[in-house]
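The block underneath contains the structure these notes are about, expressed in C-alpha coordinates.
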Ligand SMILES: Cc1ncc(COP(=O)(O)O)c(C=O)c1O
(Lines give C-alpha, C1' and ligand atoms only; values in the text may rest on other atoms or scores of the structure.)
Protein backbone atom coordinates (compact mmCIF):
# COMPACT_ATOMS: atom_id res chain seq x y z
CA UNK A 1 0.00 0.00 0.00
CA UNK A 2 1.34 3.44 -0.87
CA UNK A 3 0.43 5.50 2.25
CA UNK A 4 -1.30 8.85 1.91
CA UNK A 5 1.38 10.27 4.17
CA UNK A 6 4.66 9.18 5.69
CA UNK A 7 6.83 11.57 7.69
CA UNK A 8 10.52 11.89 6.90
CA UNK A 9 12.67 12.29 9.99
CA UNK A 10 16.44 12.56 10.13
CA UNK A 11 19.59 12.47 12.23
CA UNK A 12 19.18 16.02 13.55
CA UNK A 13 15.78 15.13 15.03
CA UNK A 14 17.39 12.15 16.76
CA UNK A 15 20.23 14.28 18.07
CA UNK A 16 17.91 16.96 19.53
CA UNK A 17 15.46 14.44 21.02
CA UNK A 18 18.39 12.54 22.56
CA UNK A 19 19.54 15.78 24.14
CA UNK A 20 16.12 16.12 25.86
CA UNK A 21 16.37 12.60 27.18
CA UNK A 22 19.99 12.92 28.26
CA UNK A 23 19.36 16.19 30.09
CA UNK A 24 15.94 15.27 31.50
CA UNK A 25 14.19 18.24 29.83
CA UNK A 26 11.30 16.19 28.48
CA UNK A 27 8.27 18.20 29.54
CA UNK A 28 6.99 21.71 28.80
CA UNK A 29 10.12 23.64 29.75
CA UNK A 30 13.50 23.53 28.05
CA UNK A 31 15.58 25.31 25.48
CA UNK A 32 13.93 23.86 22.39
CA UNK A 33 10.48 25.31 23.12
CA UNK A 34 11.52 28.94 23.17
CA UNK A 35 13.92 28.44 20.31
CA UNK A 36 11.24 26.78 18.19
CA UNK A 37 8.76 29.58 19.00
CA UNK A 38 11.25 32.32 18.17
CA UNK A 39 12.57 30.73 15.00
CA UNK A 40 9.16 29.70 13.64
CA UNK A 41 7.75 33.18 14.31
CA UNK A 42 10.77 34.79 12.62
CA UNK A 43 10.53 32.40 9.65
CA UNK A 44 6.89 33.42 9.16
CA UNK A 45 7.65 37.12 9.63
CA UNK A 46 5.90 37.44 13.00
CA UNK A 47 7.30 38.69 16.31
CA UNK A 48 5.90 36.22 18.84
CA UNK A 49 5.10 32.53 18.96
CA UNK A 50 3.23 30.47 21.55
CA UNK A 51 3.66 26.74 21.03
CA UNK A 52 0.62 24.61 21.88
CA UNK A 53 -0.31 20.95 21.79
CA UNK A 54 -1.99 20.86 18.34
CA UNK A 55 -3.54 23.01 15.61
CA UNK A 56 -7.05 22.68 17.07
CA UNK A 57 -5.78 24.04 20.41
CA UNK A 58 -4.00 26.85 18.50
CA UNK A 59 -7.33 27.89 16.97
CA UNK A 60 -9.08 27.65 20.34
CA UNK A 61 -6.47 29.95 21.88
CA UNK A 62 -6.37 32.32 18.88
CA UNK A 63 -10.14 32.84 18.97
CA UNK A 64 -10.02 33.33 22.75
CA UNK A 65 -7.44 36.08 22.15
CA UNK A 66 -9.93 37.83 19.86
CA UNK A 67 -12.08 38.47 22.95
CA UNK A 68 -15.56 37.56 21.66
CA UNK A 69 -18.71 38.48 23.52
CA UNK A 70 -21.44 35.82 23.50
CA UNK A 71 -23.07 35.72 20.07
CA UNK A 72 -20.26 37.56 18.27
CA UNK A 73 -19.54 36.23 14.80
CA UNK A 74 -16.48 35.05 12.92
CA UNK A 75 -16.61 34.34 9.21
CA UNK A 76 -14.94 31.06 8.28
CA UNK A 77 -14.90 29.10 5.01
CA UNK A 78 -17.50 26.32 4.60
CA UNK A 79 -14.70 24.11 3.22
CA UNK A 80 -12.42 23.47 6.17
CA UNK A 81 -11.80 21.24 9.16
CA UNK A 82 -14.23 21.28 12.10
CA UNK A 83 -11.49 22.74 14.37
CA UNK A 84 -12.21 26.20 12.87
CA UNK A 85 -15.95 26.16 13.59
CA UNK A 86 -15.62 24.61 17.02
CA UNK A 87 -13.00 27.16 18.13
CA UNK A 88 -15.58 29.87 17.48
CA UNK A 89 -18.38 27.96 19.23
CA UNK A 90 -16.32 26.94 22.29
CA UNK A 91 -15.46 30.63 22.72
CA UNK A 92 -19.13 31.61 22.78
CA UNK A 93 -19.23 32.87 19.19
CA UNK A 94 -21.15 31.95 16.07
CA UNK A 95 -19.39 30.80 12.90
CA UNK A 96 -20.71 32.36 9.70
CA UNK A 97 -19.86 30.53 6.48
CA UNK A 98 -18.58 31.64 3.09
CA UNK A 99 -18.19 29.20 0.20
CA UNK A 100 -14.80 28.41 -1.35
CA UNK A 101 -13.88 29.33 -4.89
CA UNK A 102 -13.48 26.57 -7.43
CA UNK A 103 -9.83 27.00 -8.47
CA UNK A 104 -7.86 27.05 -5.23
CA UNK A 105 -10.62 25.67 -2.95
CA UNK A 106 -9.88 28.54 -0.57
CA UNK A 107 -12.41 31.07 0.84
CA UNK A 108 -14.16 33.04 -1.95
CA UNK A 109 -13.21 36.63 -1.24
CA UNK A 110 -15.95 38.08 -3.48
CA UNK A 111 -18.58 36.29 -1.44
CA UNK A 112 -16.80 37.29 1.74
CA UNK A 113 -16.90 40.96 0.73
CA UNK A 114 -20.61 40.73 -0.10
CA UNK A 115 -21.35 39.08 3.26
CA UNK A 116 -19.32 41.59 5.30
CA UNK A 117 -20.79 44.59 3.47
CA UNK A 118 -24.30 43.25 3.83
CA UNK A 119 -23.80 42.98 7.60
CA UNK A 120 -22.33 46.48 7.76
CA UNK A 121 -25.24 47.88 5.72
CA UNK A 122 -27.74 46.31 8.10
CA UNK A 123 -25.94 47.85 11.08
CA UNK A 124 -25.06 44.37 12.41
CA UNK A 125 -22.43 44.81 15.13
CA UNK A 126 -21.82 41.12 15.82
CA UNK A 127 -19.11 40.49 13.26
CA UNK A 128 -15.67 40.54 14.95
CA UNK A 129 -13.26 38.54 12.83
CA UNK A 130 -12.50 36.73 9.60
CA UNK A 131 -10.76 33.38 9.62
CA UNK A 132 -9.17 32.63 6.23
CA UNK A 133 -7.93 29.04 5.94
CA UNK A 134 -5.19 28.30 3.42
CA UNK A 135 -6.14 25.01 1.79
CA UNK A 136 -3.89 22.05 0.95
CA UNK A 137 -0.76 24.20 0.56
CA UNK A 138 -2.17 27.10 -1.49
CA UNK A 139 -2.64 30.57 0.03
CA UNK A 140 -5.96 32.34 0.29
CA UNK A 141 -6.08 35.61 -1.66
CA UNK A 142 -5.37 37.75 1.40
CA UNK A 143 -5.32 41.34 -0.01
CA UNK A 144 -9.12 41.70 -0.20
CA UNK A 145 -9.41 40.24 3.31
CA UNK A 146 -6.83 42.64 4.73
CA UNK A 147 -8.64 45.52 3.04
CA UNK A 148 -12.02 44.49 4.51
CA UNK A 149 -10.50 44.00 7.96
CA UNK A 150 -8.89 47.44 7.86
CA UNK A 151 -12.02 49.14 6.58
CA UNK A 152 -14.40 47.59 9.11
CA UNK A 153 -12.11 47.03 12.11
CA UNK A 154 -12.16 43.23 11.96
CA UNK A 155 -9.53 40.85 13.32
CA UNK A 156 -7.90 38.38 10.94
CA UNK A 157 -7.20 34.93 12.40
CA UNK A 158 -5.21 33.14 9.74
CA UNK A 159 -5.33 29.35 9.85
CA UNK A 160 -2.02 28.36 8.27
CA UNK A 161 -2.06 24.74 9.46
CA UNK A 162 -1.62 23.39 5.94
CA UNK A 163 0.77 25.90 4.36
CA UNK A 164 4.11 25.91 6.19
CA UNK A 165 6.41 28.05 4.08
CA UNK A 166 3.85 28.95 1.40
CA UNK A 167 4.11 32.54 0.17
CA UNK A 168 1.64 35.20 -0.89
CA UNK A 169 2.33 38.26 -3.02
CA UNK A 170 0.90 40.94 -0.79
CA UNK A 171 -0.20 44.29 -2.26
CA UNK A 172 0.05 43.11 -5.86
CA UNK A 173 -2.05 46.01 -7.16
CA UNK A 174 -0.04 48.61 -5.29
CA UNK A 175 3.34 50.25 -5.69
CA UNK A 176 5.24 47.84 -3.47
CA UNK A 177 4.16 44.20 -3.86
CA UNK A 178 5.93 41.96 -1.35
CA UNK A 179 6.15 38.19 -0.98
CA UNK A 180 5.12 37.23 2.55
CA UNK A 181 4.86 33.91 4.30
CA UNK A 182 1.41 32.53 5.05
CA UNK A 183 0.88 32.81 8.77
CA UNK A 184 2.49 36.25 8.66
CA UNK A 185 -0.45 38.06 7.08
CA UNK A 186 -3.10 38.33 9.78
CA UNK A 187 -3.32 39.67 13.34
CA UNK A 188 -3.11 36.16 14.77
CA UNK A 189 -2.15 33.01 12.90
CA UNK A 190 -2.24 29.34 13.79
CA UNK A 191 -0.33 26.25 12.72
CA UNK A 192 -0.58 22.49 13.16
CA UNK A 193 2.48 20.25 13.41
CA UNK A 194 0.56 16.98 13.12
CA UNK A 195 2.45 14.05 11.55
CA UNK A 196 1.26 14.83 8.03
CA UNK A 197 2.39 18.47 8.05
CA UNK A 198 5.52 19.84 6.33
CA UNK A 199 7.04 20.28 9.78
CA UNK A 200 5.82 17.79 12.34
CA UNK A 201 6.25 17.44 16.06
CA UNK A 202 4.03 14.34 16.12
CA UNK A 203 1.23 16.40 17.61
CA UNK A 204 1.75 20.12 18.00
CA UNK A 205 0.72 23.61 17.05
CA UNK A 206 1.57 27.28 17.36
CA UNK A 207 -0.08 30.68 17.62
CA UNK A 208 1.80 33.61 16.06
CA UNK A 209 1.21 37.33 16.41
CA UNK A 210 2.99 40.67 16.28
CA UNK A 211 1.05 41.85 19.34
CA UNK A 212 2.82 41.39 22.67
CA UNK A 213 -0.44 41.44 24.68
CA UNK A 214 -1.99 38.72 22.51
CA UNK A 215 1.19 36.64 22.78
CA UNK A 216 1.10 36.87 26.56
CA UNK A 217 -2.57 35.97 26.62
CA UNK A 218 -1.95 32.95 24.35
CA UNK A 219 0.88 31.75 26.61
CA UNK A 220 -1.29 32.17 29.67
CA UNK A 221 -4.27 30.36 28.13
CA UNK A 222 -2.15 27.37 27.10
CA UNK A 223 -0.91 27.03 30.68
CA UNK A 224 -4.06 27.16 32.84
CA UNK A 225 -3.70 30.93 33.24
CA UNK A 226 -1.13 30.46 35.99
CA UNK A 227 0.16 33.82 37.21
CA UNK A 228 3.92 34.23 37.41
CA UNK A 229 3.80 36.24 40.64
CA UNK A 230 1.42 34.01 42.58
CA UNK A 231 1.28 30.26 41.93
CA UNK A 232 -2.12 28.48 41.98
CA UNK A 233 -3.99 31.78 41.95
CA UNK A 234 -6.21 32.25 38.88
CA UNK A 235 -8.12 35.23 37.49
CA UNK A 236 -9.13 33.40 34.33
CA UNK A 237 -9.73 29.88 33.10
CA UNK A 238 -7.30 28.37 30.62
CA UNK A 239 -6.22 25.01 29.28
CA UNK A 240 -3.33 22.63 29.47
CA UNK A 241 -2.34 22.97 25.81
CA UNK A 242 1.42 22.83 26.42
CA UNK A 243 3.91 21.46 23.90
CA UNK A 244 6.81 19.42 25.23
CA UNK A 245 10.52 20.12 24.80
CA UNK A 246 10.83 16.78 22.96
CA UNK A 247 8.19 17.85 20.46
CA UNK A 248 9.79 21.27 20.00
CA UNK A 249 13.15 19.52 19.45
CA UNK A 250 11.62 17.61 16.53
CA UNK A 251 10.16 20.77 15.05
CA UNK A 252 13.34 22.78 15.37
CA UNK A 253 15.40 20.09 13.67
CA UNK A 254 13.07 20.15 10.67
CA UNK A 255 12.96 23.94 10.52
CA UNK A 256 16.72 23.83 9.87
CA UNK A 257 16.00 22.04 6.57
CA UNK A 258 12.82 23.89 5.64
CA UNK A 259 14.05 24.80 2.16
CA UNK A 260 14.75 21.15 1.41
CA UNK A 261 11.29 20.16 2.67
CA UNK A 262 9.58 22.75 0.48
CA UNK A 263 11.68 21.76 -2.53
CA UNK A 264 10.61 18.12 -2.08
CA UNK A 265 6.94 19.11 -1.88
CA UNK A 266 7.16 21.34 -4.94
CA UNK A 267 8.94 18.58 -6.85
CA UNK A 268 6.12 16.20 -5.87
CA UNK A 269 3.44 18.69 -6.95
CA UNK A 270 5.09 19.23 -10.32
CA UNK A 271 5.67 15.51 -10.85
CA UNK A 272 1.98 14.76 -10.28
CA UNK A 273 0.83 17.62 -12.51
CA UNK A 274 3.12 16.59 -15.39
CA UNK A 275 1.78 13.05 -15.29
CA UNK A 276 -1.93 13.86 -14.79
CA UNK A 277 -2.57 17.07 -16.70
CA UNK A 278 -3.81 15.45 -19.92
CA UNK A 279 -6.53 13.38 -18.23
CA UNK A 280 -9.88 14.90 -19.24
CA UNK A 281 -12.22 15.83 -16.41
CA UNK A 282 -9.58 15.66 -13.68
CA UNK A 283 -9.08 19.01 -11.93
CA UNK A 284 -5.57 19.42 -10.50
CA UNK A 285 -4.19 21.98 -8.04
CA UNK A 286 -3.44 25.42 -9.49
CA UNK A 287 -0.80 27.90 -8.48
CA UNK A 288 -2.05 31.46 -8.85
CA UNK A 289 0.52 34.03 -10.02
CA UNK A 290 0.38 35.62 -6.55
CA UNK A 291 1.08 32.35 -4.74
CA UNK A 292 3.88 29.92 -3.99
CA UNK A 293 2.20 26.56 -3.38
CA UNK A 294 3.79 24.06 -0.98
CA UNK A 295 1.56 21.09 -1.98
CA UNK A 296 0.82 19.99 1.57
CA UNK A 297 -1.56 17.51 -0.03
CA UNK A 298 -2.03 16.93 -3.76
CA UNK A 299 -5.81 17.22 -4.18
CA UNK A 300 -7.75 16.26 -7.30
CA UNK A 301 -11.42 16.80 -8.16
CA UNK A 302 -13.29 14.55 -10.59
CA UNK A 303 -15.66 16.18 -13.01
CA UNK A 304 -19.18 14.73 -12.82
CA UNK A 305 -18.82 13.74 -16.52
CA UNK A 306 -16.41 10.98 -15.41
CA UNK A 307 -19.43 9.31 -13.79
CA UNK A 308 -17.78 8.55 -10.48
CA UNK A 309 -17.62 10.26 -7.08
CA UNK A 310 -14.61 10.42 -4.76
CA UNK A 311 -15.83 7.53 -2.61
CA UNK A 312 -15.85 5.19 -5.60
CA UNK A 313 -12.54 6.59 -6.91
CA UNK A 314 -10.92 6.04 -3.50
CA UNK A 315 -12.23 2.47 -3.41
CA UNK A 316 -10.76 1.69 -6.82
CA UNK A 317 -7.43 3.28 -5.91
CA UNK A 318 -7.34 1.28 -2.67
CA UNK A 319 -7.84 -1.91 -4.71
CA UNK A 320 -4.66 -0.92 -6.57
CA UNK A 321 -2.74 -0.41 -3.33
CA UNK A 322 -3.10 3.37 -3.08
CA UNK A 323 -4.31 5.09 0.04
CA UNK A 324 -6.12 8.44 -0.29
CA UNK A 325 -8.15 10.79 1.89
CA UNK A 326 -11.47 12.41 1.02
CA UNK A 327 -11.78 16.20 0.92
CA UNK A 328 -13.39 17.96 3.89
CA UNK A 329 -17.14 17.71 4.32
CA UNK A 330 -18.68 21.22 4.37
CA UNK A 331 -19.36 22.71 7.79
CA UNK A 332 -23.05 23.18 6.80
CA UNK A 333 -23.30 19.44 6.22
CA UNK A 334 -21.91 18.34 9.59
CA UNK A 335 -24.53 16.38 11.53
CA UNK A 336 -23.36 17.99 14.78
CA UNK A 337 -24.23 21.46 13.45
CA UNK A 338 -27.41 20.38 11.64
CA UNK A 339 -28.66 19.04 14.96
CA UNK A 340 -28.22 22.53 16.42
CA UNK A 341 -29.94 24.18 13.45
CA UNK A 342 -26.78 26.04 12.42
CA UNK A 343 -26.41 27.20 8.79
CA UNK A 344 -30.01 26.20 8.04
CA UNK A 345 -31.29 27.16 4.60
CA UNK A 346 -27.86 28.26 3.40
CA UNK A 347 -26.15 26.63 0.45
CA UNK A 348 -22.49 26.32 -0.49
CA UNK A 349 -22.48 24.62 -3.90
CA UNK A 350 -18.72 24.71 -4.59
CA UNK A 351 -17.99 23.11 -1.23
CA UNK A 352 -20.70 20.50 -1.87
CA UNK A 353 -19.25 19.60 -5.25
CA UNK A 354 -15.61 19.33 -4.23
CA UNK A 355 -16.52 17.50 -0.99
CA UNK A 356 -18.31 14.92 -3.15
CA UNK A 357 -15.81 14.75 -6.01
CA UNK A 358 -12.44 15.48 -4.36
CA UNK A 359 -9.75 13.47 -2.66
CA UNK A 360 -6.04 13.76 -2.12
CA UNK A 361 -3.39 11.40 -3.40
CA UNK A 362 -0.35 10.13 -1.45
CA UNK A 363 1.63 13.29 -0.67
CA UNK A 364 3.99 12.55 2.22
CA UNK A 365 7.55 13.82 2.33
CA UNK A 366 8.88 10.27 1.97
CA UNK A 367 7.14 9.70 -1.39
CA UNK A 368 9.36 8.45 -4.24
CA UNK A 369 9.22 9.00 -7.99
CA UNK A 370 8.33 5.37 -8.55
CA UNK A 371 5.40 5.68 -6.11
CA UNK A 372 4.20 8.81 -7.94
CA UNK A 373 4.43 6.87 -11.23
CA UNK A 374 2.39 4.01 -9.77
CA UNK A 375 -0.27 6.38 -8.43
CA UNK A 376 -0.54 8.24 -11.74
CA UNK A 377 -0.77 5.03 -13.77
CA UNK A 378 -3.55 3.79 -11.49
CA UNK A 379 -5.43 7.12 -11.74
CA UNK A 380 -5.16 6.96 -15.53
CA UNK A 381 -6.32 3.32 -15.71
CA UNK A 382 -9.34 4.00 -13.50
CA UNK A 383 -10.49 7.21 -15.19
CA UNK A 384 -9.82 6.22 -18.80
CA UNK A 385 -11.01 2.62 -18.24
C1 LIG B 1 -6.80 23.84 8.16
C2 LIG B 1 -6.58 23.08 9.44
N3 LIG B 1 -6.74 23.72 10.60
C4 LIG B 1 -6.57 23.11 11.79
C5 LIG B 1 -6.19 21.79 11.85
C6 LIG B 1 -6.07 21.12 13.18
O7 LIG B 1 -4.80 20.72 13.48
P8 LIG B 1 -4.52 19.49 14.50
O9 LIG B 1 -4.83 18.23 13.77
O10 LIG B 1 -3.08 19.64 14.83
O11 LIG B 1 -5.39 19.71 15.68
C12 LIG B 1 -5.97 21.08 10.66
C13 LIG B 1 -5.52 19.68 10.70
O14 LIG B 1 -4.99 19.14 9.78
C15 LIG B 1 -6.20 21.74 9.43
O16 LIG B 1 -6.03 21.10 8.26
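The values are calculated or read from the model by the stated rules, or taken from the named source; none is laboratory data. Values in this document were obtained by computation on a predicted structure and should not be read as measured data. No Cβ is skipped: glycine too gets one built from the backbone with ideal geometry, and neighbour counts run over all protein chains shown.
Number of residues in the range 189-222 that are away from the ligand (no atom under 11 Å from the Cβ) and in a loop (DSSP other than H, G, I, E, B): the value is 4.
Of all residues in the range 223-240, none satisfies being within 16 Å of the ligand (Cβ to nearest atom) and buried (at least 19 other Cβ atoms within 10 Å of the Cβ). Going by what's in this entry, would residue 29 be described as under 25 Å from residue 188 (Cβ atoms) and within 16 Å of the ligand (Cβ to nearest atom)? It is false that residue 29 is under 25 Å from residue 188 (Cβ atoms) and within 16 Å of the ligand (Cβ to nearest atom). With the requirement that a residue be in contact (Cβ under 8 Å) with a residue 60 or more places away in the chain, in contact with a helix residue (DSSP H, G or I) (Cβ under 7 Å, 6 or more places away or on another chain), surrounded by 15 or more Cβ atoms within 10 Å (Cβ to Cβ) and assigned to a helix (DSSP H, G or I), what does the range 356-384 give you? The answer is 372, 376, 378, 379, 382, 383. Considering the range 134-158, and only residues there that are part of a strand (DSSP E or B) and touching a helix residue (DSSP H, G or I) at 6+ places or on another chain (Cβ under 6 Å), the residue that is nearest to the ligand (Cβ to nearest atom) turns out to be 157.
Here residue 117 passes the criteria (1) within 25 Å of residue 69 (Cα to Cα); (2) assigned to a strand (DSSP E or B) except the one numbered (2). Taking (1) farther than 21 Å from residue 153 by Cβ; (2) within 13 Å of the ligand (Cβ to nearest atom) in turn, residue 103 satisfies each apart from (2). Scanning the range 344-355 for residues that are surrounded by 21 or more Cβ atoms within 10 Å (Cβ to Cβ) and not in a helix (DSSP H, G or I) returns a single hit, 348. Cβ-Cβ distances below 6 Å connect no pair with a first residue in the range 83-98 that is more than 16 Å from residue 333 (Cα to Cα) and within 13 Å of the ligand (Cβ to nearest atom), a second residue that is at pLDDT below 95 and assigned to a strand (DSSP E or B), and a separation of six or more residues or different chains. Criterion applied to 186, 123 was being assigned to a loop (DSSP other than H, G, I, E, B) and crowded, with 24+ Cβ neighbours inside 10 Å, and the one residue passing it is 186. Scanning the range 167-175 for any residue that is within 11 Å of the ligand (Cβ to nearest atom) and buried (at least 24 other Cβ atoms within 10 Å of the Cβ) turns up nothing.
Where in the range 234-322 are there helices (runs of 4 or more DSSP H), lying fully within it, with 1 or more residues that are closer than 28 Å to residue 380 by Cα, at pLDDT 95 or above and out of contact with any strand residue (DSSP E or B) (no Cβ under 6 Å at 6 or more places or on another chain)?
Numbers: elements: 245-255, 258-276, 310-319.
Output list reads 258-276, 310-319.
Residue count for the range 37-65, restricted to those that are within 16 Å of the ligand (Cβ to nearest atom), touching a strand residue (DSSP E or B) at 6+ places or on another chain (Cβ under 6 Å) and either closer than 19 Å to residue 197 by Cα or in a loop (DSSP other than H, G, I, E, B) (or both): 11. For the range 314-332, filtering for residues that are surrounded by 15 or more Cβ atoms within 10 Å (Cβ to Cβ) and out of contact with any helix residue (DSSP H, G or I) (no Cβ under 7 Å at 6 or more places or on another chain) leaves 4.
When residue 182 is tested against the conditions (1) within 13 Å of the ligand (Cβ to nearest atom); (2) closer than 24 Å to residue 90 by Cβ, the lone failure is (2).
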